[in-house]
Amino acid sequence: MKISHIAIILFIILPNLTIAQNQNTFGFLPSVNINSKLPKDWFTNFKIESRQVLYKDNFKYSYKMTELSLGAGKKIGFRTKLALGYKLSVDRKEVYNRFIQQISHVKKYQTFILAHRFQTDQTFNINKATEYRLRYRLSAEIPLNGYTLDPKELFIKVNNEYLNSIQDITYDLEIRAAGFLGYALSPKTKIEIGIDNRIDSFINDSLRNRLWLGLNVYQVF
């Protein structure tokens, strides 16, 4: 791996290492992402994700949540896309509805792809105050064989996200860092496995750290 690739990974991951020591939850986070390209630069996305906790204070399995999301958007420039979406989250006791607005910018360099994503969302629940969030994510996809990602080749994906939340005049910050090893099964199919670390509640409450083993499948139609 080239030095430039290592620098990108460290730039994204290192800001979280100092606070990633106090792990209190570990779980499994699989997802399936289905993307469709439509005429005139339109596109849709469907995603299903499930969270299962394997460790919290002790090793014991528990179901956490299932999320279904549907989005649609349009390419508005050579590298920029706008999208709107809706997410339904169902846990063991409650249902959450979330509306999403997003703009993303992707730039291809000689040996990697760098993506910026800005997102706002609003989460509604009949028993809780509405939560408003502002998010920024930086991610990089780096082929491990050559300059471009071809079928039957491995790649690395890393991302770092900062998520600001306001709910009932209470502010909190969540920081996410993730690293995945991926494999391109075909030009339209990818699979990834890796670690997704999420830290929050360190502004107004005790630190909450969640470490997820992620398994992601991407399919384009």
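The values are calculated or read from the model by the stated rules, or taken from the named source; none is laboratory data. A quick note: this is a predicted structure, and the numbers were derived from the prediction, not measured. Backbone-built Cβ (ideal geometry, glycine too); neighbour counts: all protein chains shown.
At a glance:
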{"item": "The stretch 137-180: number of residues that are assigned to a strand (DSSP E or B), more than 16 Å from VAL106 (Cα to Cα) and among the hydroxyl-bearing types (Ser, Thr, Tyr)", "result": "4"}
{"item": "Restricting the stretch 175-221 to residues that are of a type in the set (Lys, Arg) and buried (at least 18 other Cβ atoms within 10 Å of the Cβ), the residue that is modelled with the highest pLDDT", "result": "LYS190"}
{"item": "Only one of TYR86, TYR132, TYR109 that is modelled with pLDDT under 95, surrounded by fewer than 15 Cβ atoms within 10 Å (Cβ to Cβ), out of contact with any His (no Cβ under 7 Å at 6 or more places or on another chain) and of a type outside the set (Lys, Arg)", "result": "TYR109"}
{"item": "Positions within the stretch 115-129 being within 15 Å of TYR86 (Cβ to Cβ), of a type in the set (Val, Ile, Thr) and surrounded by fewer than 18 Cβ atoms within 10 Å (Cβ to Cβ), in sequence order", "result": "THR120"}
{"item": "Tally, over the stretch 134-147, of residues that are closer than 18 Å to GLN102 by Cβ and in contact with a Leu (Cβ under 6 Å, 6 or more places away or on another chain)", "result": "1"}
{"item": "Among (1) part of a strand (DSSP E or B); (2) more than 25 Å from PHE221 (Cβ to Cβ) - the single one GLN110 does not satisfy", "result": "(1)"}
{"item": "Residue count, the stretch 50-62 (criterion: surrounded by fewer than 12 Cβ atoms within 10 Å (Cβ to Cβ) and in contact (Cβ under 8 Å) with a residue 12 or more places away in the chain)", "result": "1"}
{"item": "Identity of the residue in the stretch 62-94, not acidic (Asp, Glu) and not in a strand (DSSP E or B), that ends up nearest to the chain's Cα centre (by Cα)", "result": "ARG79"}
{"item": "Of residues in the stretch 165-174 being in contact (Cβ under 8 Å) with a residue 24 or more places away in the chain and either crowded, with 17+ Cβ neighbours inside 10 Å or not aromatic (Phe, Trp, Tyr) (or both), the one nearest to ASN24 (Cα to Cα)", "result": "GLU174"}
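Residues are listed down the side, and each one gets a yes or a no for (1) farther than 18 Å from PHE43 by Cβ; (2) buried (at least 18 other Cβ atoms within 10 Å of the Cβ):
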| position | (1), (2) |
| --- | --- |
| LEU82 | no, no |
| VAL95 | yes, no |
| ARG137 | yes, yes |
| LEU154 | yes, no |
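The rows are residues; the columns are (1) among the hydroxyl-bearing types (Ser, Thr, Tyr); (2) touching a helix residue (DSSP H, G or I) at 6+ places or on another chain (Cβ under 6 Å); (3) without any contact (Cβ under 8 Å) to a residue 24 or more places away in the chain.
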residue	(1), (2), (3)
LYS157	no, no, no
LEU163	no, no, no
LEU185	no, no, no
ILE193	no, no, yes
ASP196	no, no, no
ASN209	no, no, no
TYR218	yes, no, no
